[in-house]
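Notes to accompany the following structure.
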Amino acid sequence: MKSATIEVSLRLPCEGEDAVNLPAMVQELRRQGIAERRIQVLSREPLAAFPASHSHMSKLGIAGAIFGFCGAIAGLVVMTLDYRVHTGGMPLIAPFPLGVITYEMTLLGSILAMLLTLFISARLGPGRRYAPHPELDYGEAILSVTCADRQQAQTVRELLAGLDPGPAEAKK
Amino acid sequence: MSAAISHPAPAVVDEKNAAAALLRPMRYTSLAYRRMTLLLLMVIGWGMFCFIYQAMVGLGVTGLRRPVFWGFFVTDFVFWIGISHAGTLISAILRLTNATWRYPVTRAAEAITVFALMIGGLFPIIHLGRPWLFYWLAPYPSERLIWPNFRSPLEWDFFAISTYLTASSLYLFLPLLPDLALARDRSRGWRHRLYRFLAMSWQGTQIQWRRLELAIQLMAAVVIGIAVSVHTIVSWDFAMSIVPSWHSTIFGPYFVAGAIFSGIAALIVIMAILRRVYHLEDYLQPKHFSNLGKLLLTMTLLWGYFVTAEMITTWYGNLPDEMGTFWSKVSGHYAGLFWVMVLCNFIIPFPLLAIRRLRTIRGTVIASSTILVGMWLERFLIVVPGAANQRLSFNNWYGYYPHWTEISLSLATLCAMALLYMLFTKLFPIISIWELGAAKHNAPVSE
Amino acid sequence: MLNHDSPTTVRPRWAMIIDLNACTGCSACAVACRAENNIAITGPGEAAYNGTIQWMRIERTWKGRGRHFQVENRPVNCQQCDDAPCEPVCPVQATYTNAEGVCVQVYNRCVGTRYCGLNCPYQARFFNWFDYTWPAPMEVQLNPDVSLRTRGIMEKCSFCIQRINAAERQAEREKRPLRVDETQPACAQSCPAQALLFGDIDQPGGRFSANWRDTGLETLLPEVGTQPKVRYARRVAPPRSVLAAVPNSPGAEVEA
């Protein structure tokens, strides 16, 4: 049950060089046997200390483009074959207009595919469950660990206290 | 952009204060703002009345008559679609070239794009003889087995503009996500509910940041492809016809250059207004105006080049069909407007932008204002003299003058644009807060 | 409208020849067209502002001065192009060339972008700027075979398609092919000088189809490549002696 999870978080300043320690802390937590998906580093601005991770977004963008391209051509061809509009012998679609419309649909397909990739891979979307941290400010980061039960929460609290010289905050 | 890199991001800005300062316009609304809103709403209401009147009585209430079937509305359409190139195209180019001075500029530009497109997209509907049937241009399966005509440039417009509107809305929305989350965390009541919905449960995890930055970067590349195609297709409304002087191969790049030209001008004017009204002097600094002024200078020269190329080809070819339009612009019925356009688009802005001492905020704003007037005239001088000078000489007609409905609707849509923009600044931070913060921390990386 | 089960296997291709030598510029064609096709009367104010609707109009051109003065009356209607520039630009396909070569306008489908009007090099397309009314008692003489046009749509010459359809239906009822000269548009019917000839280009052995192939015929704006199905017999100038015999030639006014 998700409602039973306990979030243990550590709020710490990370102006410039301070942020470099954060990846090491995450590594330490991982070594202590906490699953990667349970550890999150939240910030108000992207932290340069965390390297860009591998993403399929560009490939999926190209796949979306191909989908849009094929979809546009298939749609227009099916339309022409299925609907016998009387055009006085002129084709319902012709190569050049087909190219123009297909170009637009190709790029649209690419954009929508990238948007979808972003939303799924970054766990975004309206109404998704998230742990609010309104206290988070610029120049700070929150190291947040989602624990399955009280016992694990206690362990994590001790771990965090050992990792960081500052005060650890725990919250539900 | 080399000049841009030599200027680092505004390091004087402390982003904690920035967040408060930039969220301030969203919290406090002045009396002047309310009065302005009321005034704009009144003009928009008058415009709506004009539109309904025009739809009920017929397009005869405009000054349009055969053969000038297109006039003010098509001019406005091309103009606003041109303005919409401010945003996405400029901000995408600045992002892709990693111009670090861009941070306070991009959001303002992207918002112009979305709203100018909304306004521009209205005009093809306003100008229809039967506007209530506008949806017949959309390809939807009809029980009467009728489809739109995919060979018509107006149909390409439909696809191009709807794609562009989708893409530019997303391109405005994605960089807004972290700021929406900030607004969500700092607000209560209906605003909190609104931002909670719009922020898409953004938390600021590092995977979210990486994916977002990647998505913005990738989309910038695609959006440039769309933006260029959109104004090319708008130009093809004219170039694909057989009207002499419209049927020109240069129109695609000519319109795109003109669009970026007027887009930058609109951006500079709006930035100056924002700076003055919301006291953003710390963020929108003279160097931003100067840098955009340099871009604008490039576009002034490019515009001059295109107009020269277009006019000299017509003149040298000396085809009787095209010379009617040519002389009507250079020394005939439309000469006054033509030379005002040259004055506004080149003669006034060129020295203001080229001389460094004059490339101040005031100088760039004056240049941009004249350019906006000049670019509107340019669109008018493409649409109307071309339509007025037809191949059969007995059909030439210089009787087109806009009537009050056309002028009112043009003004009302301008006010609608202003109102949309004003509402946007009340609901969303007009300067990207997180990018300012990131700029401070990552400044050594990008330099 | 298009009956594909017609006994005539080869469908006709309608065309018109306009003889500029015969045309006197009397405008009977324009009046007949107006009566037949329920064309709106827009009034003097609109006429001064280029707002008239004339499917068939007489374009008058003056050439020369004084004794060499010539006036040419050229009836211009929709040229019924084989390769009509107005058709591909319509976003809703409200205009197309039907199986008999007539470029038709579908009033119900038209949304009024007016692109076709701009792309017509002959300016033969007219827009309904208002909902026009007919002053009493003219509304009682409206032709029931032709629909009235509402505001906001394009209209143009249809070669009196209602007459063509009626003749074809009659022929079909009588189970016979369409006879030569069985139908003609109102303009051709009413021309006192018989300057307008209407017929089927493909009629085998017909008089019209023989005339159509006359190389002396010209089309309006051939350089645009629209291949019109209206051709003009070029005006041959009258001898000077004829002109000299005309007292008070209008050329004197022009010269003054």
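The values are calculated or read from the model by the stated rules, or taken from the named source; none is laboratory data. As the structure is a prediction and not an experimental result, all values here were calculated from the model. Counting neighbours? That spans all protein chains shown, and the Cβs are built from the backbone with ideal geometry, glycine included. Protein only, heavy atoms only, side chains kept; ligands, DNA and RNA dropped before computing areas. Shrake-Rupley method; radii C 1.70, N 1.55, O 1.52, S 1.80 Å.
Remark: pairs (first residue in region C:117-132, within 17 Å of C:Asn37 (Cβ to Cβ); second residue open to solvent by 10 Å² or more (accessible area, probe 1.4 Å) and not in a loop (DSSP other than H, G, I, E, B); Cβ separation under 6 Å; 6+ apart in sequence or on different chains) = C:Arg125/C:Cys116.
Quick grid of which residues meet (1) within 14 Å of chain C (Cβ to nearest Cβ); (2) open to solvent by 50 Å² or more (accessible area, probe 1.4 Å); (3) assigned to a helix (DSSP H, G or I); (4) within 30 Å of C:Val106 (Cβ to Cβ):
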site: A:Val77; (1), (2), (3), (4): no, yes, yes, yes
site: A:Pro97; (1), (2), (3), (4): yes, no, yes, yes
site: A:Thr106; (1), (2), (3), (4): no, no, yes, no
site: A:Gly127; (1), (2), (3), (4): no, yes, no, no
site: A:Leu136; (1), (2), (3), (4): no, no, no, no
site: A:Ile142; (1), (2), (3), (4): no, no, no, no
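The sole residue among C:Glu172, C:Glu223 that is surrounded by 15 or more Cβ atoms within 10 Å (Cβ to Cβ) and more than 30 Å from B:Val61 (Cα to Cα) is C:Glu172. Restricting attention to region C:107-136, the residues that are more than 21 Å from C:Glu46 (Cα to Cα) and either out of contact with any helix residue (DSSP H, G or I) (no Cβ under 7 Å at 6 or more places or on another chain) or assigned to a loop (DSSP other than H, G, I, E, B) (or both) total 7. Of the residues that sit in region C:100-144 and are within 14 Å of chain B (Cβ to nearest Cβ) and among the charged types (D, E, K, R), which one is most open to solvent (accessible area, probe 1.4 Å)? Taking the candidates together, the pick is C:Asp131. Among the residues of region C:26-82, the ones that are acidic (Asp, Glu) and in a helix (DSSP H, G or I) come to 2 in all.
Mind listing whichever residues of region B:137-166 are open to solvent by 20 Å² or more (accessible area, probe 1.4 Å), part of a helix (DSSP H, G or I) and not polar (S, T, N, Q)? Matches in region B:137-166: B:Leu137, B:Leu154, B:Phe158, B:Phe159, B:Ile161, B:Leu165. Here the condition is being under 16 Å from the mean Cα position of the chain (by Cα) and within 14 Å of chain C (Cβ to nearest Cβ); of B:Ala160, B:Ala108, B:Ala167, it holds for B:Ala160 alone. Residues of region C:61-92 that are aliphatic (A, V, I, L, M) and under 23 Å from C:Thr113 (Cα atoms): C:Ala84, C:Val89, C:Val92. Given the criteria out of contact with any Leu (no Cβ under 8 Å at 6 or more places or on another chain), part of a helix (DSSP H, G or I) and at pLDDT 80 or above, does A:Gly162 qualify? Criteria not met by A:Gly162.
On inspection, B:Leu182 fails the criterion of being touching a Lys or Arg at 6+ places or on another chain (Cβ under 9 Å), more than 10 Å from chain A (Cβ to nearest Cβ) and among the aliphatic types (A, V, I, L, M). Counting only helices (runs of 4 or more DSSP H) that sit wholly inside region B:182-282, those with at least 3 residues that are within 19 Å of the chain's Cα centre (by Cα) are B:206-239, B:251-277. Summed over region B:334-392, the residues that are basic (Lys, Arg), outside any helix (DSSP H, G or I) and within 30 Å of B:Asp321 (Cα to Cα) give a count of 1.
C:Glu72 meets the conditions (1) in contact with a helix residue (DSSP H, G or I) (Cβ under 7 Å, 6 or more places away or on another chain); (2) acidic (Asp, Glu); (3) more than 10 Å from every other protein chain (Cβ to nearest Cβ) in every case but one. The failed one is (1). With the structure loaded, tell me whether B:Ser368 is more than 30 Å from B:Arg107 (Cα to Cα), surrounded by 15 or more Cβ atoms within 10 Å (Cβ to Cβ) and among the small types (Gly, Ala, Ser) or whether it fails that test. No, not satisfied. Among the residues of region A:36-58, just one is of a type in the set (D, E, K, R), in contact with a helix residue (DSSP H, G or I) (Cβ under 9 Å, 6 or more places away or on another chain) and exposed (fewer than 14 other Cβ atoms within 10 Å of the Cβ), namely A:Glu36.
Filter region C:149-165 down to residues that are among the aliphatic types (A, V, I, L, M) and within 14 Å of chain B (Cβ to nearest Cβ) and give me whichever is surrounded by the fewest Cβ atoms within 10 Å (Cβ to Cβ). Applying the filter and picking the extreme gives C:Ile153. When B:Trp70 is tested against (1) closer than 30 Å to C:Thr52 by Cβ; (2) in contact with a Leu (Cβ under 7 Å, 6 or more places away or on another chain); (3) away from chain C (no Cβ under 14 Å), exactly one condition is not met: (3).
Consider C:Arg57 carefully, then state whether it is under 28 Å from B:Ser241 (Cα atoms), within 13 Å of chain B (Cβ to nearest Cβ) and open to solvent by less than 20 Å² (accessible area, probe 1.4 Å).
It is true that C:Arg57 is under 28 Å from B:Ser241 (Cα atoms), within 13 Å of chain B (Cβ to nearest Cβ) and open to solvent by less than 20 Å² (accessible area, probe 1.4 Å).
The set of residues in region A:108-125 that are outside any helix (DSSP H, G or I) and out of contact with any Phe, Trp or Tyr (no Cβ under 6 Å at 6 or more places or on another chain) comprises A:Ala122, A:Arg123, A:Leu124. The one condition from (1) among the polar types (S, T, N, Q); (2) within 12 Å of another protein chain (Cβ to nearest Cβ); (3) in contact with a strand residue (DSSP E or B) (Cβ under 8 Å, 6 or more places away or on another chain) that C:Asn77 does not meet is (2). A:Ile66: assigned to a helix (DSSP H, G or I) and more than 9 Å from every other protein chain (Cβ to nearest Cβ), yes or no? Yes, satisfied. Select from region B:393-420 the residues that are part of a helix (DSSP H, G or I), of a type outside the set (D, E, K, R), closer than 20 Å to C:Asn50 by Cβ and open to solvent by less than 20 Å² (accessible area, probe 1.4 Å) and list them in ascending order. Of everything in region B:393-420, those that are part of a helix (DSSP H, G or I), of a type outside the set (D, E, K, R), closer than 20 Å to C:Asn50 by Cβ and open to solvent by less than 20 Å² (accessible area, probe 1.4 Å) turn out to be B:Asn395, B:Thr405.
Annotation: of all residues in region B:193-204 being more than 10 Å from every other protein chain (Cβ to nearest Cβ) and more than 24 Å from B:Thr88 (Cα to Cα), the one that is most open to solvent (accessible area, probe 1.4 Å) is B:Arg193. The number of residues in region B:122-136 that are within 21 Å of the chain's Cα centre (by Cα), at the interface with chain C (Cβ under 8 Å from one of its Cβ atoms) and assigned to a helix (DSSP H, G or I) comes to 1.
What are the residues in region C:184-199 that are under 18 Å from C:Ala30 (Cα atoms) and buried (at least 20 other Cβ atoms within 10 Å of the Cβ), if any? Answer for region C:184-199, where residues must be under 18 Å from C:Ala30 (Cα atoms) and buried (at least 20 other Cβ atoms within 10 Å of the Cβ): C:Gln184, C:Pro185, C:Ala186, C:Cys187, C:Ala188, C:Cys191, C:Ala195, C:Leu196, C:Leu197, C:Phe198. Before we move on, is B:Arg95 crowded, with 24+ Cβ neighbours inside 10 Å, among the charged types (D, E, K, R) and assigned to a helix (DSSP H, G or I)? No, not satisfied.
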